[in-house]
Structures are given as C-alpha cells and as structure tokens.
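Worksheet: the structure to be examined is printed underneath.
The values are calculated or read from the model by the stated rules, or taken from the named source; none is laboratory data. Computed from a predicted structure; not experimentally measured. Don't worry about glycine lacking a Cβ; one is built from the backbone with ideal geometry, like all the others, and counts go over all protein chains shown.
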Amino acid sequence: MTSSELIQDMKTEFTTNRRKFAPGVLVAFIRFLREIDAFGKKYKDFDEFKLAFPIQSTSRRGGRANTLIVTRKTSDGRQATLSIRPFYNEVEVLFRATHKRFDYPNAAPHATQSWPDYVRWIDALLQLSPRQASIVEKQAIDFVLATLPSHELDASTLTPIRRRFSRLLQEFDMTAKKGEPRGGAFQGVVYAYIRADAPHLHLDVAKAGAGSSRLNRVGDVDGWQGERLILSVEVKHVRVADADEVASFANQVGRRNALGLVVGESFDDAARQLIEDSGLRAIDRDELIARVDIWDPLKQDAAVDAFSYYVCHIEKCMPLITRLRSFLIDLDQEAKI
C-alpha cells in the first residue's frame, strides 16, 4: 500500500464505513511509531515489527489490554511499555479543542480498541521514511480540517452586549430640568429597577410628590402579591442625613411584615445605621448601579422599558419625555458605531 493508497483508504473508512475516528487512528499510529523510531528501519510487516516490540496483552492494571501496547527498551536498558492511547488523545484534542471540529467524534476508547482492524496501515507505515510519514500525517490532518466544519466562534458577527440601564443610571442626569418634577427621574429609575428585578409583584406608583398617604400607599413604590404588601420603597433624590424622615414609613412597613427599602442618592453613615436598625434597607445610587451591573442585557432592556413607561404614562411630563428620548437615541446610535 503506497502513501496515496493509505490516504485514500483512510478517506474510505471516514466516509463509506462511517468511522470518523479513522484519521485520528492513522495520525496516532504515525506519532506512536515515530516515538519508538520505527520509520526507516525496513521492518517487513507488523509481524516482524512485533519481534522488536512485543505486544502487551495486559494493561497496567492487570486486565486485558484493549488497545495497542508494546514493550520497548529505554535508554538505560530497562523494559517499558508504550500505548497508542495517549497519541490518539492528543490528536482528538487537536481536532476538537484546538481546531474546534466538534463533529469529530469524542470516542477515544472505541477508536483505539479498533486498532487490529488497521494492521494493514501499520504494515504500510513501516515502509515509509520519517519524511514520508510526516507528509501522510499532514495529509490526514488537513483532510479532517477541510472536511469537517469549524465551530470557531466569529466574534465579529456578534453585536456588542448593551448595558442600557447601567448606562442610564450612570449617565442620565436625574436633576430636574425646566418643566420637570423634582425627583421625578430618580423615582422613575427606582420604579424601573423594582419592575425588572421583581416582575412577579404588582407595582403601585404615582407621580413624584403626589404624596403616598393621600393615595393610600405606604411608600413611593409598593409591590403587592394579591392583597398583601410584599415590598415598599421610599425614594429620596437627596443625600439622606436624617433617619426621622422615614420613621413613619418604617412603622407602616413593620406593621405589614413587608420588606422596606429606602433608596437615596447617598446616606450619612449615622442615618444609614439608624434606618437599618429600624428594619429597613438603605440603598444608595452607587449600590443600585453595582446591582444592575450584573444584570443580563435583556433584564437591562426591561428596566429601560419600565423607565420609559413611567416617564411617558405616570409622570406624563413632556420635557422629561423629550430628554429621555434624546438620551436613548444617542445611546442606541453609539451601539451601532
């Protein structure tokens, strides 16, 4: 069997006999024989080769060997064994991991125990020079790479991950502009945060400054499960320095055994401690940003949609609506660049 006939036989095994592992077996044979310096020694055939390198019938664990294992002498004269399995494992890694040909079978045990079916290949390989064997090795590898599609991910085809709500929290100016309600934008992003983070709750919210007590609400944003209050949020677009401002809120939340949050721009340390001692949780804008930053893009988009809903249908403030539209247009245009 010539080199070209050997390659053709390998291709037949791969396609007609549906043994996709065949190229790996051939390459493993070549690397195995190269390791024991068998090329160019003019062994007549595999039977003659076995006289120099006796076949092991048992594995290292004492069981029946189901792969090709030979005995050889080391440089210091000791007897050692060499198995084809590590060489096949190496080829499988080359195809599947290095070159991302995941259609190449992950079947090392099955492939290496089939070696007796390919003694004819060993017969042919033993007639080759080291250079000829290297050419056959390259042809076998190139055949697999050309035949099986690459599963390598092309990053250039992926659109950048958009973190729109993170950007909104960090870059949208929450300070009320002319014609906008004070605290409206900040209350809107808090509503949007709760809406995206707890979609299982029914939220009750009104315009900023509407007065929770007048509307029979506990906080600025209330989250309900049926008739029971689960979560209530008091929104403060200021640096919170006086815990007394939320004392009544803490009392109402406590009576209902609900979770109470106070979300502010920032907190004095003493005020934060007193708020949390009352059973509430204090969250400043930086903490809000940190929490949102681990959200996936779809959840971030849901929060942006909720903020847009709040601005357009709760506050119904055209200056704020116009400013938000402009911000989102610029943000989306930037993502396309």
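The residue that is nearest to VAL311 (Cα to Cα), counting only those in segment 175-204 that are touching a Lys or Arg at 6+ places or on another chain (Cβ under 7 Å), of a type outside the set (A, V, I, L, M) and assigned to a loop (DSSP other than H, G, I, E, B), is PRO181. Here the condition is being aliphatic (A, V, I, L, M) and touching a helix residue (DSSP H, G or I) at 6+ places or on another chain (Cβ under 6 Å); of ALA185, ALA192, ALA250, it holds for ALA192 alone.
So, in segment 1-39, of the ones that are in a loop (DSSP other than H, G, I, E, B) and of a type in the set (Val, Ile, Thr), which residue ends up surrounded by the most Cβ atoms within 10 Å (Cβ to Cβ)? Once the filter is applied, the top-ranked residue is ILE36.
Screening ARG61, ARG34 for residues that are basic (Lys, Arg) and under 30 Å from PRO149 (Cβ atoms) leaves exactly one candidate, ARG34.
Contact map, segment 42-70: residues that are assigned by TED's automatic domain parsing to the domain that holds LEU82 paired with residues that are in a loop (DSSP other than H, G, I, E, B) and β-branched (Val, Ile, Thr), Cβ distance under 6 Å, separation 6+ or inter-chain. Pairs shown: THR67/ILE84; LEU68/ILE84.
Given the residues LYS11, LYS20, LYS42, which is the only one that is at positive phi and not hydrophobic (A, V, I, L, M, F, W, C)? Step by step, each of LYS11, LYS20, LYS42 is checked, and only LYS42 is at positive phi and not hydrophobic (A, V, I, L, M, F, W, C). If you go through segment 148-171 and pick out every residue that is assigned to a helix (DSSP H, G or I) and closer than 18 Å to ALA22 by Cβ, you end up with 0.
Conditions tested, residue by residue: (1) part of a loop (DSSP other than H, G, I, E, B); (2) free of Cβ contacts under 8 Å to residues at least 12 places away in the same chain.
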residue	(1), (2)
SER75	yes, yes
ASN89	no, no
VAL93	no, yes
ASN106	yes, no
GLN127	yes, no
ALA146	no, yes
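Inclusion of ASP204 among residues that are among the acidic types (Asp, Glu) and out of contact with any helix residue (DSSP H, G or I) (no Cβ under 9 Å at 6 or more places or on another chain) is not warranted. On the given criteria, is GLY264 in contact with a strand residue (DSSP E or B) (Cβ under 9 Å, 6 or more places away or on another chain) and either crowded, with 21+ Cβ neighbours inside 10 Å or not assigned by TED's automatic domain parsing to the domain that holds LEU331 (or both)? Considered against the rule, which asks whether it is in contact with a strand residue (DSSP E or B) (Cβ under 9 Å, 6 or more places away or on another chain) and either crowded, with 21+ Cβ neighbours inside 10 Å or not assigned by TED's automatic domain parsing to the domain that holds LEU331 (or both), GLY264 comes out as yes. As for segment 135-148, it holds at least one residue that is touching a Phe, Trp or Tyr at 6+ places or on another chain (Cβ under 7 Å) and farther than 30 Å from ILE321 by Cβ. Take ARG195 and decide whether it is in contact with a Ser or Thr (Cβ under 6 Å, 6 or more places away or on another chain), of a type in the set (Lys, Arg) and either in contact (Cβ under 8 Å) with a residue 60 or more places away in the chain or surrounded by fewer than 22 Cβ atoms within 10 Å (Cβ to Cβ) (or both). So ARG195 does not fit the description; no. Cβ separations smaller than 7 Å between residues 6+ apart or across chains give the following pairs from segment 216-230 residues that are assigned by TED's automatic domain parsing to the domain that holds ALA192 to residues that are in a loop (DSSP other than H, G, I, E, B) and not small (Gly, Ala, Ser): GLY223/LEU201; TRP224/LEU201; GLN225/LEU201; LEU229/VAL218; LEU229/ARG256; ILE230/LEU201. Being crowded, with 17+ Cβ neighbours inside 10 Å, under 17 Å from VAL221 (Cβ atoms) and more than 32 Å from the chain's Cα centre (by Cα) holds for only one residue in ALA303, ALA282, and it is ALA282.
Restricting attention to segment 317-329, the residues that are out of contact with any Lys or Arg (no Cβ under 7 Å at 6 or more places or on another chain), in contact (Cβ under 8 Å) with a residue 24 or more places away in the chain and either within 15 Å of GLY209 (Cβ to Cβ) or surrounded by 14 or more Cβ atoms within 10 Å (Cβ to Cβ) (or both) add up to 5.
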